[in-house]
Amino acid sequence: MFPHFKERISFGSLEINFLLDGDDTDGSLVQFELVVPPGVKVPAPHFHVEVDETLYILEGTLTQLVGTETLELHPGDHCFIKRGTIHGFNNLHESTARALCTLSPASIGPAYFREIAEVINAGGPPDMQKVVVIMKKHGLEPVKPA
């Protein structure tokens, strides 16, 4: 849909296509297209310490956890996730989902996703201890499922 990405980062089957990063916005926000194939492994529920997130669904359906509520988001739907709110997503449907994601401020940007991709794409089961260290370094706190 977007003809020119600043950077594309893939890990597992997830794809992050950056439109803006902190360098473009003086640290105000990052914006990317999130591409989530059906049944893909996705991040565990987590929260952002200092970053707000907004999703706008472009294609397909994402099942989005926000706090204690589970939402089915379809094209044209949007969702605001305030910093400190537990959230996570899945694609439980048969077609690829695409969403426009904005994070503000820009502290969770390409560097975070590059580091995660290095661990996830290393081959074999990912080293979850390394993943947790990277998450915490960038202000994400994983939450164990209830």
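Read-outs throughout are calculated quantities, based only on the coordinates presented, and are distinct from any laboratory measurement. Small disclaimer: the values here were computed from a predicted structure and weren't measured. Methodologically, a virtual Cβ is constructed for each residue, glycine included, from the backbone with ideal geometry; neighbour enumeration extends over all protein chains shown.
Brief remarks follow.
- Checking region 27-36 against the condition returns no match, with no residue being more than 23 Å from Val133 (Cβ to Cβ) and aromatic (Phe, Trp, Tyr).
- Residue match in region 101-120 (condition: free of Cβ contacts under 8 Å to residues at least 12 places away in the same chain and under 22 Å from Ser13 (Cβ atoms)): yes
- Among the residues making up region 103-146, a single one is outside any loop (DSSP other than H, G, I, E, B), buried (at least 17 other Cβ atoms within 10 Å of the Cβ) and among the polar types (S, T, N, Q): Ser104.
- Filter result for the condition that a residue is free of Cβ contacts under 8 Å to residues at least 24 places away in the same chain and either crowded, with 19+ Cβ neighbours inside 10 Å or not in a strand (DSSP E or B) (or both), over Gly39, Gly22, Gly76: Gly76
- The single residue among Thr63, Thr85, Thr54 that is touching a residue at least 24 places away in the same chain (Cβ under 8 Å), in contact with a Leu (Cβ under 6 Å, 6 or more places away or on another chain) and either in a strand (DSSP E or B) or within 23 Å of Asp21 (Cα to Cα) (or both) turns out to be Thr63.
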